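I have placed the structure first, in the form of structure tokens, so that the comments after it can refer back to it.
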Amino acid sequence: MGKSWITPFKKQCFVTLGVSLNLSSHGLTMGFAAIALPQLRKPDSIIPIDDVTGSWISAILGFALIVGNFIIPTVMAKYGRRTANILSIITMLVGWFCVILATNIKVFLIGRFLKGTAMGMTASLGPVLIGEYTSPKNRGAFLTTISLSIAIGVLFAHTLGAFFYWQVAALVIAVVMFFDLVIVLYSPETPAWLSDQGRYEESRRVFRWLRGDSEEEELRRMIETSVIVREAKAEIVVADTFSKRLKANIVFFNTTIRKREFYKPIFIMIHMYTLSQWAGANILAAYTLDVFTNVIGTEVNIYLMVITLGAQRIISNGIAVWIIKKVKRRTMLFATVGLNVFAFLAIAAYSYLKVHNMLPYDHPLIGILLIHIHMVTIATGTVPLPFIIAGELFPLDYRSLAGSISVFFLSGNFFIILKTVPYLFKTIGIHGAYVIYAAIVAYCLVIEYFFLPETKDRTLQDIEDEFRGRPLSPEELKSTQSLTAYKHNQDRRCSSPVI
């Protein structure tokens, strides 16, 4: 009776909190750059930096994301989702303490690299954990905490920067991550992974602890599927030799890259991820003070403007959750990204006219309004939509390979944009940089207009058939079904990164 108040929903909230706090590290890490860079540039800084060094502090995360993204699938599959989550948090904590204790730029950059590696881990891990922990009826709501956690992380880091020196801010964030580690240590392994490992009794116990006794059908189907997959894998291991597997993999790769249902989604998602990275989310997270100073000047309370922008991002994320359920993907993409291009060009024009004293009338509220319009387009469209569409475009059989190729381009764009921001702002001004960004985003939008199909309310098989140009034949369908059972474990663990 004493534990009757701890309902399955509350238990799902508890384990999701551990995942969400870990995912908030994306926002905390990005937002921390915005508060640390201006302080490190001061003459009395313990770690003096110039523009080049500052750009490395922000951009090194791009390299690290790739490392984390390729490390975590093996850890997830072999050692479990909970172990992978703990590893990512410990890596993040070590990174934060490297930053806190740094007295030179090398240690500081090592800390940033470790934090970026942890971000790459949680990008793939977070959605998988939430999906396997939570009930179908609550899963959508719990998954929305991902983007919300990142936005709250950015706001929290920016708020700390308004009151504390960067080392104190980093210590506070490290305390938050330690609290998250405690939550995860008290969280169970996911029932799906336990079932995949043949630990069926433990899987049943954890599943019922999380879900109660009302979802027995899902538990039964999950265990039955795991039994079939384990038997199929055992037969393949016995029958195959290394040379046969190598030859089969080569044939598979050569035939796969020629399939339209493989290369078309990759082509679309490369441009979609490019669009999302150049649309301004990371610029406004990592170089917030620089943007406000260049657009508005120093006559307003910059830190207050930064905090209000973070709060607006959270509100816009909440609005996006509702809109995405109602509006078609293409409609929302073209509306928000079109407005994003307009915001880039409007800010560029305003900044250019302001620098050359050509404005007939000026007020700080004009620049503030333009930046907030830009943030609305980011939070409602260019951040959530690419990852939603990625989950709908990639065929199940190629999700791991296609996702990895696409993520490589995402990380590359992430690095390039953050590395070049200080150089562009200094050489051609924010107006010139924003025109370049607008052109890149507009190009990607044109590509999406001609190639991106509508995916809302369509089955994954229907979307795959459209890329292929025809439905699967009965023989192909039978082959796909058998492959799906074998690849079930690997493909469902693959997810789009949350950056």
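Residue-wise HN-Hα couplings along the stretch 416-426, as the Karplus relation 6.51 cos²θ - 1.76 cosθ + 1.60 with θ = phi - 60° gives them from phi, are 4, 5, 6, 6, 9, 4, x, 5, 5, 4, 7 Hz; Gly and Pro carry x.
Surface composition of the stretch 125-220: carbon plus sulfur atoms hold 67% of the accessible area, using a 1.4 angstrom probe and ignoring ligands, DNA and RNA. Our coupling estimate for the stretch 358-368, obtained by passing each phi through the Karplus curve with A = 6.51, B = -1.76, C = 1.60 and θ = phi - 60°, is 10, 7, x, 8, 9, 7, x, 4, 5, x, 4 Hz, Gly and Pro reported as x.
Dividing the C-alpha radius of gyration of the stretch 252-388 by 2.2 N^0.38 Å, with N its residue count, gives 1.27.
Taking a sphere under 9 Å around the Cβ of residue 208 and counting the other residues whose Cβ falls inside, with K and R at +1 and D and E at -1, yields a net charge of 0. With a cut-off of 13 Å between beta carbons, the residues surrounding residue 271 carry a summed charge of 0, where Lys and Arg count +1 and Asp and Glu -1. Going by accessible surface with a 1.4 Å probe and the largest first, 363, 374 read 363, 374. Couplings 3J(HN,Hα) for the stretch 53-63, derived from phi with the Karplus relation 6.51 cos²θ - 1.76 cosθ + 1.60 (θ = phi - 60°), are 4, x, 5, 5, 4, 7, 7, 4, 4, x, 5 Hz, where x marks Gly and Pro. Net charge of the neighbourhood of residue 150, taken over other residues with C-beta under 15 Å away and scored Lys/Arg +1, Asp/Glu -1, is +1. Computed on the Cα trace of the stretch 256-321, the radius of gyration divided by the Kirkwood hydrodynamic radius gives Rg/Rh = 1.23. Give, to the nearest whole percent, the P(r) tail of the stretch 15-164 beyond 18 angstrom, counting all Cα pairs. So the portion of pairs separated by more than 18 Å is 58 percent. Separation of the alpha carbons by more than 26 angstrom is noted, of 106/419; 264/419; 264/456; 78/137, for 264/419; 78/137.
Ellipsoid semi-axes for the stretch 118-168, based on the Cα gyration tensor and the rule √(5λ), read 29, 13, 7 Å when sorted largest first. If you take the Cα centroid of the stretch 1-79 and the Cα centroid of the stretch 167-228, the two points sit 21 Å apart. For residue 297, no residue 5 or more places off, or on another chain, has a built amide H under 5 Å of its own.
The values are calculated or read from the model by the stated rules, or taken from the named source; none is laboratory data. Just so it is clear, the model here is predicted, and its values are computed rather than measured. We place every Cβ from the backbone using ideal geometry, glycine too, and count neighbours over all the protein chains shown. All accessible areas refer to the heavy atoms of the entire protein, side chains included, with ligands and DNA or RNA removed. Shrake-Rupley method; radii C 1.70, N 1.55, O 1.52, S 1.80 Å.
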